[in-house]
1. So, in the range 250-264, exactly how many residues are open to solvent by 10 Å² or more (accessible area, probe 1.4 Å) and either among the β-branched types (Val, Ile, Thr) or in contact with a Phe, Trp or Tyr (Cβ under 8 Å, 6 or more places away or on another chain) (or both)?
2. Looking at residue 53 and the list (1) more than 15 Å from the ligand (Cβ to nearest atom); (2) over 30 Å from residue 188 (Cα atoms); (3) of a type outside the set (Val, Ile, Thr), which single condition is not satisfied?
3. Tally up the residues in the range 306-321 that are crowded, with 17+ Cβ neighbours inside 10 Å and either more than 16 Å from the ligand (Cβ to nearest atom) or part of a loop (DSSP other than H, G, I, E, B) (or both), please.
4. Right, residue 29: within 8 Å of the ligand (Cβ to nearest atom), modelled with pLDDT of 95 or more and either β-branched (Val, Ile, Thr) or surrounded by 24 or more Cβ atoms within 10 Å (Cβ to Cβ) (or both) or not?
5. Name the single residue that is nearest to the ligand (Cβ to nearest atom) among those in the range 100-115 being of a type in the set (Gly, Ala, Ser) and crowded, with 19+ Cβ neighbours inside 10 Å.
6. Looking at (1) out of contact with any Leu (no Cβ under 9 Å at 6 or more places or on another chain); (2) closer than 17 Å to residue 160 by Cα, which one does residue 260 not meet, given that it meets all the others?
7. I'd like the full set of residues that are of a type in the set (Ser, Thr, Tyr), more than 15 Å from the ligand (Cβ to nearest atom) and within 17 Å of residue 278 (Cβ to Cβ), limited to the range 291-305.
8. Which pairs turn up if I take residues in the range 331-360 that are among the hydroxyl-bearing types (Ser, Thr, Tyr) and look for partners that are open to solvent by 60 Å² or more (accessible area, probe 1.4 Å) and assigned to a loop (DSSP other than H, G, I, E, B) with beta carbon separation below 7 Å, at least 6 apart in sequence or on another chain?
Amino acid sequence: MAKESIVIIGTGWAGYTVSQQLNDKKFNITVISPEDTSAYTPLLASAACGLFDFTLAEEPVRHKSKILTYYKARVEAIDFNAKTCKCCAAREIDGGDTRQFDISYDRLILAPGCVSNTFRTPGADEHAFFVRNVADAKKVQHRIKQVLELASLPGLTEQEQRDLLHIGIVGGGPTGVEIAAEMSDLFIDDFSTLYPSLKGKMSITIYDAADFILGAFEDSLRQHAIGSFSKRHVDVVTCARIKEVTKDSITTEAQGRVGCGMVLWTAGNKQCALVDTLDVAKTEEVPRIMTDEYLHALSPDKTPMQDVFALGDAADIEEHFLPTTAEVAVQKAEYIAATLNTDTYKAFEYRQKGLVAYMGGHDGVVQGKPDWSGQRAWAAWRSKNLLWTRSWRRKFMIMTYWALGWLGGKEIARI
Ligand SMILES: Cc1cc2nc3c(=O)[nH]c(=O)nc-3n(C[C@H](O)[C@H](O)[C@H](O)COP(=O)(O)OP(=O)(O)OC[C@H]3O[C@@H](n4cnc5c(N)ncnc54)[C@H](O)[C@@H]3O)c2cc1C
């Protein structure tokens, strides 16, 4: 009997996990994505700050152990009646984006994720930095090195140096907080000896539109985080309305224009171009593709499309809101793979796991465990980072980098 063909759109946490867990003896698996690797997003902040090599923060889609077809392309449109995806080669391999082709499917798995939402803030799309994948993280590391060298040149006033060495982070969720933590470690522990003339002039500000940071954590832990940050040159500005971002400044309604060497945007998601084009039911938030509790995408009249699944940041279950996290994406991916591999259908149930955030200086917080703040939380965060990586080889290499960093400093600061 001919194998059923399953097409997966996207190679983030959701698409990649399904592709690796589907039974390749039972299905012809085709993966379409402009990215031929899947980023370990929780490790991007560490990689950007030189804790380990960038190759350890991503996993290639093609594996010797898995039979699948991969196309480095973008799906531009889907015809659900004809069961066809209209694709266009990725720009990196076909600069003009001209090579187009169609791929047919028996079943379709939609996992194209979200894109950053800068809420039309003037200058943000052009000048802010992002950390959604390894390419972004590399740009961040490059900019950190640039501002340090710029600030070290002769003839700069102290204020010019301080402005260059000020990093603005928009968004006080776990991503923004973790990047602030890693950068404060880099600035305080690693660069102050390498750049003695800049010591004490480096600073970080986290801006959040809400009146708190770390929204998913209880109040005592948020206060702990703010207290911990204040000792590490990290300011937290809440109720901040960002009015403009330029290449060397950030302007807020309350503070006016503040000089910055880099603005990192970690706040907000919006739907990607593909989801925008799809004729399916969508949630009001973001918006995301609406699914039933078996993760079938719903047509505009809310009828489940039995051959189309949707998951990850791009989708949400009708009336069962779940956050846009890797935890949710992976659990849904495992559920879809198990459902299709075994032909057993029971509704998806999400299991909430512990939330951990790192504050820098071996301090952190664990939601639901206030007595775990400090080094215990830091240890929990480090072990969670290891758990995200899928191969033993990568786990071993990351631990080796940690050990080397502990013994002799991070590679980025040993130039
Ligand atoms: C820096 C950072 C740290 C994070 N830390 C954590 C954490 O500690 N814990 C946690 O649970 N979550 C974390 N998250 C959130 C988590 O990474 C996301 O929820 C997760 O990546 C969502 O997975 P996804 O597969 O749905 O989407 P994505 O990872 O965004 O992947 C989408 C994929 O679809 C592809 N794609 C897009 N459009 C098309 C198209 N038209 N055709 C084909 N392919 C397309 C993209 O190229 C990409 O490969 C973090 C996120 C970031 C950015």
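The values are calculated or read from the model by the stated rules, or taken from the named source; none is laboratory data. Nothing here was measured: the structure is a model prediction, and the numbers come from that model. Cβ sites come from the backbone with ideal geometry, for glycine too, and all protein chains shown count toward neighbours. Each accessible area value is taken on the protein alone, full model and side chains, heavy atoms only, with ligands, DNA and RNA left out. Shrake-Rupley method; radii C 1.70, N 1.55, O 1.52, S 1.80 Å.
1. 2
2. Failed condition: (2).
3. So in the range 306-321, the residues crowded, with 17+ Cβ neighbours inside 10 Å come out as 308-317.
Still in the running and either more than 16 Å from the ligand (Cβ to nearest atom) or part of a loop (DSSP other than H, G, I, E, B) (or both): 311.
Residues in the range 306-321 being crowded, with 17+ Cβ neighbours inside 10 Å and either more than 16 Å from the ligand (Cβ to nearest atom) or part of a loop (DSSP other than H, G, I, E, B) (or both): 1 in total.
4. Details: within 8 Å of the ligand (Cβ to nearest atom): no; modelled with pLDDT of 95 or more: yes; either β-branched (Val, Ile, Thr) or surrounded by 24 or more Cβ atoms within 10 Å (Cβ to Cβ) (or both): yes.
For residue 29, the condition - within 8 Å of the ligand (Cβ to nearest atom), modelled with pLDDT of 95 or more and either β-branched (Val, Ile, Thr) or surrounded by 24 or more Cβ atoms within 10 Å (Cβ to Cβ) (or both) - is not met.
5. Start the filter on the range 100-115 by keeping residues that are of a type in the set (Gly, Ala, Ser), which leaves 104, 111, 113.
Imposing the further condition that a residue be crowded, with 19+ Cβ neighbours inside 10 Å reduces the set to 111, 113.
Numbers: 111: 5, 113: 2 Å.
The qualifying residue nearest to the ligand (Cβ to nearest atom) is 113.
6. That leaves (1) as the condition not met.
7. From the range 291-305, those of a type in the set (Ser, Thr, Tyr) are 291, 294, 299, 303; that's our starting set.
Next cut, more than 15 Å from the ligand (Cβ to nearest atom) only: 294, 299, 303.
Passing the criteria: 299, 303.
8. Between residues of the range 331-360 that are among the hydroxyl-bearing types (Ser, Thr, Tyr) and residues that are open to solvent by 60 Å² or more (accessible area, probe 1.4 Å) and assigned to a loop (DSSP other than H, G, I, E, B), the close pairs are 339/345; 345/294.
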